[in-house]
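Accompanying notes for the structure given below.
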Amino acid sequence: MMIATGILLIALPILFNVFFAALSGVFEYPGILRQSTPEVLAKFRAGGSRLLLIWWGFAMTAVLFAPVAVLLSSQLTGADATLLAITTTVGVLAAAVQFLGLVRWPFMVPFLARESETASPARAEAIDIVFQAFNRYLGVAVGEHLGYLLTGAWSVLVGAAVLSSGELPTWIGLVGIVVGAVLALCSLEFVGPFEKNGWKLAGAVVPIAYVAWSAWLAATGILLIIAGV
């Protein structure tokens, strides 16, 4: 089981970054979100079924995060049982909110994109409101705010569990705590005074933090595989 957990820990960040890179190339994501609703939906229509499958695959990487969180906790048996239970719960919640934030793209947005193609001015305005409202609710509030916050919290908790279990090198635990704390801080990007335009510092740090987080997951996976051989 240790080797299987290690493989999943390596596969998850690879898949996440592959799909993210594909979206960046095909859909100009996430920069395209700064464009108007008609421009975004026109680009979405142009992407066809290929773009839909990429978005679906990206959403599935969030689903994969749930078993990764469960399995990783099962390998840190030397840590406190309550800490591991909280860690597992937070990890599964992180997977759930990230999935909810992403799944609108392969299922809700295609409908809006089709309807906008021949919409009257009044209907186009309604589509704009719906699209932007769901971006703020599912994209910003659920997917990004709660996603960053819970993923960061899970990483900090995993780091603490690693330090207390003694089953993995201390540095892996410390990196998890630091990267997790940065992700949790970045969850404030659109909170309070930053609600309208976002906190520019957090926006700049998020991509770097996720690259570091991906590397940390993969490194943890490699160490588990080595320990399990």
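The figures follow:
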| read-out | value |
| --- | --- |
| V63-A122 FRET efficiency (beta carbon distance; Förster radius 30 Å; 0.05 resolution) | 0.20 |
| Rounded accessible area per residue of the chain, 1.4 Å, Å² | 48 Å² |
| FRET efficiency, 1/(1 + (r/R0)^6) with R0 45 Å, evaluated for R136 and W171 via beta carbons | 0.70 |
| Acute angle (nearest 10 degrees) that the helix 2-27 long axis makes with the longest principal axis of the chain, alpha-carbon atoms | 20 degrees |
| For the stretch 29-106, the spread of Cα positions along each principal axis, largest first, Å | 53, 22, 16 |
| At 1.002 mPa s and 20 °C, Stokes diffusion of the stretch 1-144 via Kirkwood alpha-carbon radius, µm² per second | 128 µm²/s |
| Globularity index of the stretch 106-159, i.e. its alpha-carbon radius of gyration over 2.2 N^0.38 Å | 1.62 |
| Normalised contact order of the stretch 1-151, rounded percent, pairs of Cα under 8 Å and 6 or more residues apart | 27 percent |
| Summed side-chain charge close to R136 - residues other than R136 whose Cβ falls under 11 Å, Lys, Arg +1, Asp, Glu -1 | -1 |
| On Cα atoms only, tilt of 170-186 relative to the major axis of the chain in degrees | 30 degrees |
| Globularity index of the stretch 106-229, i.e. its alpha-carbon radius of gyration over 2.2 N^0.38 Å | 1.43 |
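The values are calculated or read from the model by the stated rules, or taken from the named source; none is laboratory data. Since the model is a prediction, treat every value here as computed from it, not as a measurement. Cβ: placed from backbone, ideal geometry, glycine included. Neighbour counts: every protein chain shown. The protein model used for the area step is the full one, side chains on, heavy atoms only, and it has no ligands, DNA or RNA in it. Shrake-Rupley method; radii C 1.70, N 1.55, O 1.52, S 1.80 Å.
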